Every structure is written in structure tokens, then in C-alpha cells.
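Taken together, the values in this text are just the output of simple stated rules run on the coordinates, not laboratory data. Note that the coordinates shown come from a computational prediction; the quantities given were computed from them, not determined experimentally. Here Cβ is always computed from backbone atoms with ideal geometry, including for glycine, and neighbour counts include all displayed protein chains.
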Amino acid sequence: MSASATQNNLPELTITRVFDAPRELMFRLWTEPEHISRWWGPHDFTVPHAEFDARPGGRLRIDFRGPDGEVFPNYGEVREVSPFDRLVFTAEYRHGGDRLLVGSLVTVTFREEGAKTRVTIHAQVYHAEPEAADSLAGMEEGWTQQVEKLELAALDAAHGRPKRLTIALPQGRPYMLMTRMLDAPRALVWECMVRPEHFANWWGPRSYTNEITAFDPRPGGKWRVIQRDREGREFIFRGEFRELVAPERLVWTFGMENMFDGVDAVETYILEDAGGRTRYTAISRFPSVEARDGMAATDMEWGANESLDRLEELAGRLGR
């Protein structure tokens, strides 16, 4: 990735990534609203509404909602479409849908590399009001996080399997992103995540038991769970709740007392309604890439999938 400022002091950036997905699918991820809603915006943002008329002169509107619930509507016009090779469009944030605050010209190219696709994104800001200074300062990180979500969406669309997590490990960045569709309504998934009497009955593999010694689901509240396997070995997990927005967002810290001690991740769980099912997304930020890779090298994926299987089953029983 490269970022710079133009002669008029407005920033531009270029990001290139190789995605493990075919070129036609990558083009669809950029132009079809059902795909756009999976990845547009930084890590903590969701997309409640997306429109994209993928033809020259077509209009686009993508609303993304921040962690505090504020919605940022983005408008634009499609300038060029060359399936499945090139896409050019404007993206504008307008205060109240009227006054232009920030406008960018975005050019995306798609190149086949075997079964994979090299995607190059160039974003050039052509208008910015003074009050948009914070947005411009965060432009590079925002686009980087957005591309990491695109990586997760591409992996899930190309290789995802029912009842299994899709996991993305962005190169050189201390993040782990995971997603899975749960066959349970969002309200019940939320209850299973924040009520200790339910949490104890699904968290961890089937052969493990949980003893909850602390679980105070409010900002600043502590949680601690002693997990035991069949041989009686103990694994002690603990952390602190940071944010809770029912039934869609939970943030806590996560660490282990007897493994990786002192290495805490900040984990964000996002639950999105999917017509009676729940799109579950977990984004973990580790203190280093090495800490992230150490966790990924454990049986974490197996344990997480069994946990979510159990969560689905518990939610099903609660919903009867």
C-alpha cells in the first residue's frame, strides 16, 4: 500500500492485494449489494443499506453504521464498468445527504493470477471540507481495515462451508477475522452470549465443562471461566467487558491465565440479522502478529466451531 498527498494537498492511496477467489467473484463483491454489505467500512462498522447500479452513470448509495450507531450515508456515481477487469466510481459523504464533506474517485482493477485475483485500489480525494480532517487522517487505516473485511468476505464466498467458520489472517497485521452463519435468531444468540447461565452451556468443545467464577456483562465488568477437559486439565480464561450494544455488538478483552499469560486480545463480536438467522463476525486484535499467529496455531478453530454448534443448539432449545 502507498499513500501520498497531491499538489492540492488532498490525499490519495493505492492498495494492492491478492485474494484467494476468482476474478468474476471479486468483481461481484464490489458491485452486488448483498456482497458489498458484508465488507464495506472499517472493522467495527456494518452496512444497513447498499445500492450499486453497475453501469456508467449508475448511482450508488452505501450507508455504513459506526459502533455508536451513527449512520454515514455514502453517495456516488459509477463512471466506468469493464467486467471483470476495471471499475471506476465516485464515493461522497454528504452531511444530511446534502452538503458535500468528502469526495473520492475510486479506481479498482482486477487481474487473474491462476485461481486467485490481484486487486488494485486507487482512491483519490478530490474534495474535502475542513471538518473532514479526522476522516482524511484515518483514510489509510480505514481502507486497510475495509480490505481486510473484503478478504474475509472473498474467502467465505469462494470457500466457505456450512457450519464452519471462515477465518482471515491479514498479512503483517495483528488481526484475526472470523465469520459464520448461525441457524438461530439474533436475539437468542445475544442472550446466549451475555447471560452466564447460558454461556456456561455452550462455550468451548463438547467434552469440556465450564465453571464461571466472574461474569458481569457491562462496560468495565470482569469475566473469568475455568474450563476443564476430560482429563481434568484446566484452562483459565479471563477478561473485561468493554462495550455491549444489544443485540448486535459485544466487545471484551480475552486472555488466558495459564497459557499466553499477559497476552490479551481485544475481541469484537458483531451479530447481524439474516432473515431469522444470524451472521456472526468476530474480529480479534492481538498485541502483535506473533501473538496472533501463536493463537491461530492452536486448536482454536476446532474449539470455536464446536462452540458455535453448541450455541446454535442451545438457542434452538430456548426458542421452542
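Considering every alpha-carbon pair of the range 1-100, the percent of pairs per 5 Å bin, from zero through the bin containing the longest distance, is 2, 11, 17, 22, 23, 17, 6, 1. Mean separation of Cα pairs under 8 Å and 6+ residues apart, divided by the residue count of the range 92-182: what relative contact order is that in percent? That works out to 17 percent. Of the residues K116, K149, the one with the fewest other Cβ atoms within 10 Å heads the list, and the complete ranking is K116, K149. Roughly how many whole Å is it from the C-alpha centroid of the range 191-218 to that of the range 140-175? When both Cα centres are located, 27 Å separates them.
Within the straight-line cut-off of under 13 Å between alpha carbons, the aspartates and glutamates reachable from K163 are D183, E301, E306, D309, E312, E313, sequence neighbours fewer than 8 places apart in one chain being disregarded. Could you tell me which of rounded, prolate or oblate describes the range 179-318, using a ≥ b ≥ c as the square roots of the eigenvalues of the alpha-carbon gyration tensor, with rounded for a/c under 1.5 and, failing that, prolate when a/b is larger than b/c and oblate otherwise? The shape class here is rounded.
Any aspartates and glutamates with Cα under 19 Å of the K222 Cα? List them, leaving off those in the same chain fewer than 8 positions away. Cross-link targets: E191, E197, E211, E240, E243, E257, D261, D264, E267.
Considering only T213, T179, T144, the mean-square fluctuation computed in a Gaussian network model of the chain, springs between alpha carbons under 10 angstrom, is largest for T213.
Over every Cα atom in the chain, the radius of gyration and the widest Cα-Cα span, Dmax, amount to 20.9, 66 Å. Each Cα pair under 8 Å and six or more residues apart adds its separation to the average, and for the chain the resulting relative contact order is 14 percent.
For the chain, adding -39500 (n - 2.57) for each run of n ≥ 4 DSSP H residues and dividing by the number of residues yields -7500 deg cm²/dmol at 222 nm. So what's the angle, to the nearest 10 degrees on a 0 to 90 scale, between helix 300-318 and the longest Cα principal axis of the chain? So the helix axis and the longest Cα principal axis differ by about 80 degrees.
Taking the Cα atoms only, what angle lies between the long axis of helix 139-159 and the longest principal axis of the chain, rounded to 10 degrees? So the inclination is approximately 70 degrees. For the range 71-136 versus the range 255-320, the spacing of their alpha-carbon centroids is 32 Å.
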